[in-house]
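First up is the structure itself, then whatever we jot down about it.
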Amino acid sequence: MNQIEDIQKEFQIDKEKLDYADIKEKYLGKQGLLTIALQEIRNIPDEQRAEYGKKVNDLKNEILETQNVEQQKTYSNKERIDPTAPFDINTKGEKRNRISLISKGAVHPITKEVETLVEIFKGMGFDVLESRQIDDDYHMFESVNFPKGHPARDMYDTFLTEDGYVLPAHTSTMQNRALKLFGPPPIAVVLPGRCFRNEATDAGHEHTFHQIEGVYVDKDISLGNMLATIKTYLEAYLEKELEVKVQPAYFPFTEPDCEFVISCPFCDKAGCKTCGYSGWIEIMGCGMIHPNVLREGGIDPDIYTGFAWGFGVDRLTMIKKGIKDIRHLRDSNLNFLEQF
């Protein structure tokens, strides 16, 4: 706690003499003061972890707010334009494209939603480990209970390079690394990343999309803990109370395997186009981590149990924002992106 207070005092001094780029690098860069402080959350006692995480996030938001203040100062000092005047008067004869006239750019809606979700998980005490965009067969399949020749591999038809590397079809490729990196238990980590699958595209499917995997391992962990955890972060993200249920599924890396279903947040189970008039939306796969996966990650399944889940950020974004076609999230259409 004293470390966070010292960083906050230093930031109050720096924001008066440094510009935002220098502040961001010093505090939020890869070796930034706040980045390092956030990594220390795993060493904080359980009873202090929530308060510590809140203080770190509050300071991060305060630092990010300095960008808005800096932009407002810059804008107020600029010459105002007359929107009713001819084009060449406002541009003083310069050719300006549409982007420069509107803004300098903005964060992509998917990136925004990933950041929002990650902040929710941090507040729940989870560590964060970003997934890779190219991996090997062991982490893609074998480490998560897909032996060579296993027919379930056909469920994850992805892209392979000529030298045997694979573009991850799910962020479960990071499970084995997470178990080894954050072990011994308790382990609580989310794994955001980009995924790739060799499939035809339509309004609901893309060959490139984003996932967030979650892993929790400790003694005496049950399906009840999993349901409560997933329900908590979905309600925080969708800003609505939800009814939830699970239905049977099959995944080689969990046992038992479930599909997590929520009451439709748009029609409150009355039935609408979004939920196919069923009142329910299947949102993700989840389940108790298979003993083989725990064992492969160096965790004794006779002592520890855990659960994992994986959901598509693109799909969750579509549900929250009312987007009807997933392809809009990748096609760089300014008319679409400017809405966010």
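Rule-based calculations on the coordinates, nothing more; no lab input. Please read these numbers as outputs of a predicted model, since none were measured by experiment. Quick reminder, even Gly has a Cβ in these numbers, built from the backbone with ideal geometry, and neighbours come from all protein chains shown.
Quick notes
- Footprinting exposure proxy for Val313, Val118 (fewest neighbouring C-beta atoms within 10 Å first): Val118, Val313
- Note on the chain: with charges restricted to the Cβ of Lys and Arg (+1) and Asp and Glu (-1), its dipole about the Cα centre is near 940 debye.
- More than 32 angstrom apart: percent of Cα pairs within the chain: 41 percent
- Remark: Phe11, Phe251 ranked as Phe11, Phe251, counting other beta-carbon atoms within 10 Å and listing the fewest first.
- For the pair Ala50 and Leu238, the difference between a 0.36 nm per residue extended length and the Cα-Cα distance amounts to 65.5 nm.
- In this structure, the amide hydrogen of Asp257, modeled 1.01 Å from its nitrogen in the peptide plane, lies closer than 5 angstrom to those of Ala249, counting only residues at least 5 positions away or on a different chain.
- Trypsin sites (Lys or Arg not before Pro) lying in DSSP loop within the range 1-57, provided at most 15 other Cβ fall within 10 Å: Lys30
- Cβ-Cβ FRET estimate between Asn292 and Phe266, R0 fixed at 30 Å, reported to 0.05: 0.15
- When cysteine pairs in the chain are screened for C-beta atoms closer than 4.7 angstrom, the residues that find no partner are Cys195, Cys258, Cys286.
- Over the range 300-340, the alpha carbon radius of gyration divided by the compact-protein estimate 2.2 N^0.38 Å works out to 1.93.
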